[in-house]
Amino acid sequence: MEIINLLLGMALISSMGANMQGAKKGLRTSVAKVVHKPSTYLQRTPTTVSALIFLLIAAGIFGLGSAGNAVLQKLLYLRVAGLIMFSFFAWLQVFSYKSLKENYAPEIVILKNHNLVTGGIYKFIRHPQYMSQILSDLGAGLALMNFIVIPAVLLIELPLFWLRGKKEEELMLKHFGDGYAEYKKRSGFFSPFIG
């Protein structure tokens, strides 16, 4: 196994452990405190697609779907950049949901005593978790030079998380009203100051 694949595998396991802690907390929160939860395919489909991409990345670590050795060696600088990208955005995703504290839930919901979080990274980006998920998966695809992961991220995961973010914003605007409308003017959708 190549060193980049090994390092990506270690980073993947590490970030998966951190995400599992958040998922447990989010499940407890969402079961006990949900006030409103819209019925939509966007509740589960984007996260299911992310789980499938995770499995593709795991398979890619062992060479499934990756370019041949000659290409892997030629594009080493791009692979290293992908590994760094994965590592940075995987931990930014964990930081993003931890920043929400008691307002975090794994689904699109309004919770009892729901507060609008507009500080920290949320000051600049309204959906840093989704953006981080997409960019970490894309980074993993680049690190592996995987011709299955990269198109799956760009053609399936990105549009689904974009739609999920839009649905979430509808709910937040309805619940927080002018406060959320004002927040949208000061922040970006997936990247600072855009959208």
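Quick note: the coordinates plus some simple rules give every number you see, no bench work behind them. Predicted, not measured: the structure shown is a model, and the values here were computed from it. Ideal geometry is used to build each Cβ from the backbone, glycine not excepted, and the neighbour counts take in all protein chains shown.
Which lysines does K112 reach when only Cα atoms under 21 Å apart count, and residues fewer than 8 places away in its own chain are ignored? Reachable lysines: K24, K25, K33, K37, K98, K101, K167, K174.
Here's how it looks for I125: its modeled amide H is under 5 Å from those of G188, which are all 5 or more places away or on a different chain.
Taking amide H as placed 1.01 Å from N in the peptide plane, the amide H of L111 sits under 5 Å from that of V35, each at least 5 places away or on another chain.
Model label sites at K185 and A18, defined 7 Å from Cα along the beta-carbon direction, differ in position by 3.5 nm. Taking θ as phi - 60° and the Karplus parameters 6.51, -1.76 and 1.60, the scalar couplings of region 129-134 work out to 5, 5, 4, 5, 4, 4 Hz in sequence order, x denoting glycine and proline. Using 0.36 nm per residue and subtracting the Cα-Cα separation, the extra length available between L116 and T48 on full extension is 21.8 nm. Extension gain for the segment I84 to E102, taken as residue separation times 0.36 nm less the Cα-Cα distance, is 3.5 nm to one decimal. Which shape class applies to the chain: rounded if a/c is under 1.5, otherwise prolate when a/b exceeds b/c and oblate if not, where a ≥ b ≥ c are the square roots of the Cα gyration tensor eigenvalues? Note, shape of the chain comes out prolate. Label zone of I3 (point 7 Å out along Cα→Cβ, amide N under 19 Å): in region 55-84 this covers 61-63, 69-84.
Across the chain, the relative contact order, built from alpha-carbon pairs under 8 Å that are at least six residues apart, equals 31 percent.
Axis angle, to the nearest 10 degrees, between helix 76-100 and the longest C-alpha principal axis of the chain: 20 degrees.
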